[in-house]
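**Student:** For reference, the structure I am asking about is given below.
The values are calculated or read from the model by the stated rules, or taken from the named source; none is laboratory data. Just so it is clear, the structure is predicted and the values come from calculations on it, not from any experiment. For neighbour counting, all protein chains shown are included, and Cβ atoms are generated from backbone atoms with ideal geometry for every residue, glycine included. Each accessible area value is taken on the protein alone, full model and side chains, heavy atoms only, with ligands, DNA and RNA left out. Shrake-Rupley method; radii C 1.70, N 1.55, O 1.52, S 1.80 Å.
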Amino acid sequence: MGVSAPPIQPSPPDILKESGQREVFCGLTSIVWLHRRMPDAFFLVVGSRTCAHLIQSAAGVMIFAEPRFGTAILGERDLAGLADANEELDRLVKDLLERRPEIRTLFLVGSCPSEVIKLDLAKAAERLNTQLLGRVRVLNYSGSGIETTFTQGEDNALLAMLPLLPSSDEEQLLIVGTLADAVEDRFRLIFERLGITTVRSLPPRRSTDLPPVGKGTRVLLAQPFLSATARALQHRGATLLSAPYPFGVEGSRDWMAAAATAFGVPTERFNAVLDPLVERGRRALEPHRQVLAGKRLFLLPDSQMEIPLARFLSRECGMELVEVGTPYLDRQLMAADLALLPPATQLSEGQDVDLQLERVRAARPDLVLCGLGLANPLEAEGIATKWSIELVFSPIHGCDQAGELAELFARPLRRRALLQLS
């Protein structure tokens with residue numbers, strides 16, 4: 001067996017740590033991709049009208065459609081402690097389940113308002129589980145933006161599901177993190193061709209089809225923002241495979257190499273399956289590399305995907321990294337990607353948004369990856385931007401998607417060049 005995984009080197013020593021005003025998106029946003037992933041689940045936000053407007057706008061659901069999410073709106077009497085919010089929540093849940101009997105798992109999602117008034121959704125879920133035993137499972141997690149980034153909503157949702165996973169020491173590969181269905185199908189086909197036949201996913205496509213976990217489980221993270229879930233799976237006996245995240249050709253190949261090594265796939269078989277994909281992915285990258293090579297990129301902290309993306313854009317697209325910011329740095333989960341960054345890369349952890357914007361203005365990069373709230377002001381100052389949230393909604397994983405991922409970054413530069421010519 002000779003499939004080589006990337007060497008893990010020490011992390012860069014100089015990391016700028018900041019703690020100040022943050023500019024990140026709300027954790028409720030994760031409902032947008034989770035409700036599409038598990039169509040038999042329902043996400044009930046316990047929050048304000050602002051929460052309801054956010055989710056409705058972000059998901060873009062037509063008003064005539066039956067969405068798989070909603071908001072139990074806390075009124076002034078709830079916020080003032082003059083009403084029993086638990087009684088009202090129970091009534092809303094019973095009305096919902098009578099109208100939507102197809103729901104199999106109900107997530108009660110905490111928000112900033114529910115956390116401020118100390119509404120205990122864990123006890124509410126326990127109470128409702130007793131009342132609805134055998135009919136629907138009720139789980140709870142926090143989507144509050146007070147202490148989280150917007151991608152941590154998925155981490156919290158998966159963590160809530162973990163106690164329900166059955167125990168088994170069966171040998172299996174567990175892909176953790178939401179993927180587009182077409183991308184996941186492609187990965188499963190590739191793993192099958194490699195001879196890895198038992199491949200499961202978390203979250204599953206049906207909320208009740210939960211994968212088992214135990215000593216035979218090898219975990220391959222598809223998303224870099226699932227620290228708590230990864231730790232909990234290890235606590236259940238699973239082995240976490242270290243690999244770059246499957247963004248771009250190199251990262252996707254090394255990601256699959258980590259699984260191939262763990263399952264003893266012969267080198268010849270691995271190369272026979274992956275080499276054509278690598279070649280096709282590199283050809284798809286080339287036209288976008290011509291746009292991106294030599295351009296200077298500043299990544300502001302928002303999604304926790306910044307380090308793997310910086311690795312891809314630097315090594316495969318030739319971009320120059322001005323600064324790579326991340327809300328939190330999980331050294332274990334980021335070790336493989338950190339080792340592949342250029343040695344002199346300036347990393348920053350946390351955020352003081354005013355200081356970071358000063359550095360952006362001083363550096364005048366060609367492109368800034370940032371959250372929605374900072375994009376328009378920077379565009380108004382003549383700096384091209386890319387919304388980090390767009391990368392969560394787009395199918396960007398795998399060798400086959402490398403061209404599409406690079407195109408997402410090349411598009412704003414092409415647009416700006418056309419505007420300057422006109």
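**Student:** Considering Cα pairs under 8 angstrom that are at least six residues apart, work out the relative contact order of the stretch 94-177 and quote it in whole percent. Let's see the in-between values first.
**Tutor:** Numbers: 70 pairs, mean separation 23.8, N = 84.
Taking the mean separation of contacting Cα pairs over the length of the stretch 94-177, I get 28 percent.
**Student:** Separate question: Which order do the peptides 299-307, 67-75 come out in when sorted by mean C-beta neighbours inside 10 angstrom, highest first?
**Tutor:** Numbers: 299-307: 26.6, 67-75: 19.0.
Ranking, from highest mean packing down: 299-307, 67-75.
**Student:** First select every other residue whose beta carbon is under 11 angstrom from the beta carbon of L240; then total the charges, Lys and Arg +1, Asp and Glu -1.
**Tutor:** Details: positive: R218, R231; negative: none.
Here the charged neighbours net out to +2.
**Student:** Per DSSP helix of 4 or more residues, -39500 (n - 2.57); summed, then divided by the residues of the chain. What does that give at 222 nm, rounded to the nearest 500? Can you show the working numbers first?
**Tutor:** Numbers: 17 runs with 192 residues, N = 422.
Helices in the chain give a 222 nm mean residue ellipticity of -14000 deg cm²/dmol.
**Student:** Could you tally the net charge around L341, taking each other residue with its Cβ under 10 Å from the Cβ of L341, Lys/Arg +1 and Asp/Glu -1? Walk me through the numbers on the way to the answer.
**Tutor:** Numbers: positive: R311, R315; negative: D337.
So the environment of L341 carries a net charge of +1.
**Student:** In nm, what is the difference between 0.36 nm times the number of residues separating T267 and Q131 and their Cα-Cα distance? All intermediate terms of the calculation are to be shown ahead of the outcome.
**Tutor:** Details: separation 136, 0.36 × 136 = 48.96 nm, distance 5.45 nm.
Result: 43.5 nm gained on full extension.
**Student:** Please build a GNM for the chain, connecting alpha carbons under 10 Å apart, and tell me which residue among E320, E154, E170 fluctuates the most.
**Tutor:** E170
**Student:** How far apart, in nm, are two points set 7 Å out from the Cα along the Cα-to-Cβ line at S57 and at N86?
**Tutor:** Taking the two extended label points, one gets 3.4 nm.
**Student:** Next question. If I model a spin label at H235 and D14 as a point 7 Å from the Cα along the Cα→Cβ vector, what separation in nanometres do I get?
**Tutor:** 3.8
**Student:** I'd like the carbon and sulfur percentage of the solvent accessible area for the chain, probe radius 1.4 Å, heavy atoms only, ligands and nucleic acids excluded. Walk me through the intermediate numbers first.
**Tutor:** On the way: 9330 of 17880 Å².
Exposed carbon and sulfur together represent 52 percent of the surface.
**Student:** Each label point is 7 Å from the Cα along the Cα-to-Cβ direction; what then is the distance between the points at L164 and Q420, in nm?
**Tutor:** Result for the modelled spin labels: 5.2 nm.
**Student:** I'd like to compare 268-277, 37-46: which one has the highest average count of other Cβ atoms within 10 Å, and what's the full order after that?
**Tutor:** Working: 268-277: 15.5, 37-46: 21.9.
Per-residue mean Cβ counts within 10 Å order the peptides as 37-46, 268-277.
**Student:** Pick from A257, A344, A52: which residue has the top mean-square fluctuation in a GNM of the chain where Cα pairs under 10 Å get a spring?
**Tutor:** Maximum fluctuation in the GNM of the chain, among the listed residues, is at A344.
**Student:** Can you give the extra length, in nm with one decimal, that the chain gains between I146 and L189 once fully stretched, where that is 0.36 nm per residue apart less the Cα-Cα distance? Please list the in-between numbers first.
**Tutor:** Details: separation 43, 0.36 × 43 = 15.48 nm, distance 4.02 nm.
The I146-L189 span can extend by a further 11.5 nm.
**Student:** Taking the Cα of T50, stepping 7 Å toward and past its beta carbon, and measuring to each backbone N in the stretch 340-373: which are under 14 Å?
**Tutor:** Nothing falls inside the zone, counting backbone N under 14 Å.
**Student:** A further question on this structure: Quick one: how many lysine pairs does the chain have with C-alpha atoms less than 29 Å apart and a gap of 8 or more or different chains? Give me the count, please.
**Tutor:** Values: K17/K295; K17/K386; K94/K118; K94/K123; K295/K386.
Taking the Cα cut-off of 29 Å, the pair count is 5.
**Student:** Calculate, for A182 and K118, the FRET efficiency according to 1/(1 + (r/R0)^6) with r their C-beta to C-beta distance and R0 56 Å; round to the nearest 0.05.
**Tutor:** On the way: r = 42 Å, r/R0 = 0.76.
The value I calculate is 0.85.
**Student:** Over the chain, calculate the relative contact order: mean separation of alpha carbon pairs under 8 Å at least 6 apart, over the residue count, as a percent. Before the final figure, lay out the partial values.
**Tutor:** Values: 808 pairs, mean separation 82.9, N = 422.
20 percent.
**Student:** Taking only protein heavy atoms into account and a 1.4 Å probe, give the accessible area per residue of the stretch 160-225 in Å².
**Tutor:** Working: 2470 Å² over 66 residues.
Accessible area per residue: 37 Å².
**Student:** Okay, next question. Which of the peptides 310-318, 390-398 is most tightly packed, and how do the rest follow, going by the mean number of other Cβ atoms within 10 Å of each residue?
**Tutor:** Values: 310-318: 22.6, 390-398: 19.7.
Going by the mean number of other Cβ atoms within 10 Å, highest first, we get 310-318, 390-398.
**Student:** Name the residue farthest towards the positive end of the dipole of the chain from the options Q346, L164, T71, assuming +1 on Cβ of Lys and Arg, -1 on Cβ of Asp and Glu, about the Cα centre.
**Tutor:** L164
**Student:** For A344 and R296, compute 0.36 nm times the residue count separating them, minus their Cα-Cα distance, and round to one decimal in nm. Could you put the intermediate results ahead of the total?
**Tutor:** Working: separation 48, 0.36 × 48 = 17.28 nm, distance 1.44 nm.
15.8 nm is the gain from fully extending A344 to R296.
**Student:** Taking the Cα centre of the chain as the origin, how large is its charge dipole in debye, to the nearest 20, when only Lys and Arg (+1) and Asp and Glu (-1) carry charge on their Cβ atoms? Please list the in-between numbers first.
**Tutor:** Numbers: 46 positive and 52 negative charges, 138 e Å.
For this selection, approximately 660 debye.
**Student:** Okay, next question. Could you let me know the centre-to-centre spacing of the stretch 146-203 and the stretch 269-334, using Cα atoms, in angstrom?
**Tutor:** Computed from Cα coordinates, the inter-centre distance equals 22 Å.
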